[in-house]
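Novice: First, the structure itself, so that you have it in front of you.
Rule-based calculations on the coordinates, nothing more; no lab input. Since we're looking at a predicted model, the values are computed, not measured. Here Cβ is always computed from backbone atoms with ideal geometry, including for glycine, and neighbour counts include all displayed protein chains.
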Amino acid sequence: SKNIVVLISGQGSNMQAIVRAARDRQWGRRWGARLAGVVSNRPEAAGLAWAQAEGLPTVALDHRAYASREAFDAALIQAIDGLCPPGPFLVVLAGFMRILTPGFVEHYAGRLINIHPSLLPAFPGLHTHERALQAGCRFAGATVHRVTAELDHGEYLDQVVVPVMPDDSADTLAARVLTQEHLMYPRVIERLLAAG
Ligand code: GAR
């Protein structure tokens, strides 16, 4: 079956949207897709508890326990592939806040996607909403892209645009973008499943 593993670091609201879409839109029946598990680099991530309560396999892999990025990423590969040997159809980064090594990216070449809360190529990296407001942008948004070794690069699979309101704070803008992320990310995954 087409196994999907989702990687999170925090609340996991995108992961929740994906889990709900998989269920509501019958990804299993239609494409033999299966959510094989959720992995977090933060054991205390709220999304991990949510996934566990949903009955999904979960793995907590505390990056602070590893001496190097390479060691952490090697353990991460073992955890991900261990959920669905020999490995998943798709690895979905959903608010996963760790930079991945070239070795990790290579291992999942063509099977690794990310959602980033800006209209790339504008604002790669962190604090995207603060920076969009600072720059005086009239529009903001989010991008789903394939992951390459270069941070927040790789083929864009979809983008969504939202207006910036005059009285926006980073938080109100982030919330408006996040609502759209929840619609876009499952849609992209569904398209990848359909494409086989
Ligand atoms: C989302 O806005 C996502 O685009 C962003 O973190 C948030 C996670 O929310 N990702 C990044 O900034 C990646 N560098 P969630 O945990 O509720 O899905």
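Novice: Taking square-rooted eigenvalues a ≥ b ≥ c of the alpha carbon gyration tensor, is segment 54-196 rounded, prolate or oblate, where a/c under 1.5 means rounded and, failing that, a/b exceeding b/c means prolate?
Specialist: Numbers: a/c = 2.03, a/b = 1.63, b/c = 1.24.
It is prolate, given that a/c is not under 1.5 and a/b is the larger ratio.
Novice: Give, in whole angstrom and from largest to smallest, the semi-axes √(5λ) of the equivalent ellipsoid of segment 1-134, with λ running over the eigenvalues of the Cα gyration tensor.
Specialist: Details: eigenvalues 103, 74, 47 Å².
Taking √(5λ) for each eigenvalue gives 23, 19, 15 Å, largest first.
Novice: 7 Å from Cα along Cα→Cβ at both Thr172 and Ala79: what's the point-to-point distance in nm?
Specialist: So the two model labels end up 3.7 nm from each other.
Novice: Continuing with this model, one more query. About its Cα centre, how strong a charge dipole does segment 22-123 have in debye, to the nearest 20, once Lys and Arg get +1 and Asp and Glu get -1 at the Cβ? Walk me through the numbers before you get to the answer.
Specialist: Details: 10 positive and 8 negative charges, 75 e Å.
Magnitude of the dipole: close to 360 debye.
Novice: Oh, and also: Take Gln159 and Ala109, extend 7 Å from each Cα along the Cα→Cβ direction, and tell me the distance between the two endpoints in nm.
Specialist: Those two pseudo-labels are separated by 2.7 nm.
Novice: So, one more: In debye, nearest 20, what is the charge dipole magnitude of segment 48-196 about its Cα centre with +1 on Lys and Arg Cβ and -1 on Asp and Glu Cβ, if you could check?
Specialist: Working: 10 positive and 16 negative charges, 24 e Å.
Its charge dipole is roughly 120 debye.
Novice: Can you give me the three principal axis dimensions of segment 44-95 from its C-alpha atoms, in Å, biggest first?
Specialist: Dimensions of segment 44-95 along the principal axes of its Cα atoms: 32, 27, 17 Å.
Novice: Just how far, in whole angstrom, is segment 116-175 from segment 14-28 if you go by their alpha carbon centroids?
Specialist: 24
Novice: Still on this structure, I have one more. Using only Cα atoms, find the angle between the long axis of helix 170-195 and the longest principal axis of the chain, and express it within 0 to 90 degrees, rounded to the nearest 10.
Specialist: For helix 170-195, the angle is close to 40 degrees.
Novice: Let me ask something else about it. Relative to a virtual label point 7 Å from the Cα of Leu133 in the Cα→beta-carbon direction, which members of segment 143-179 show backbone nitrogen distances below 13 Å?
Specialist: Answer for this model: 164-177.
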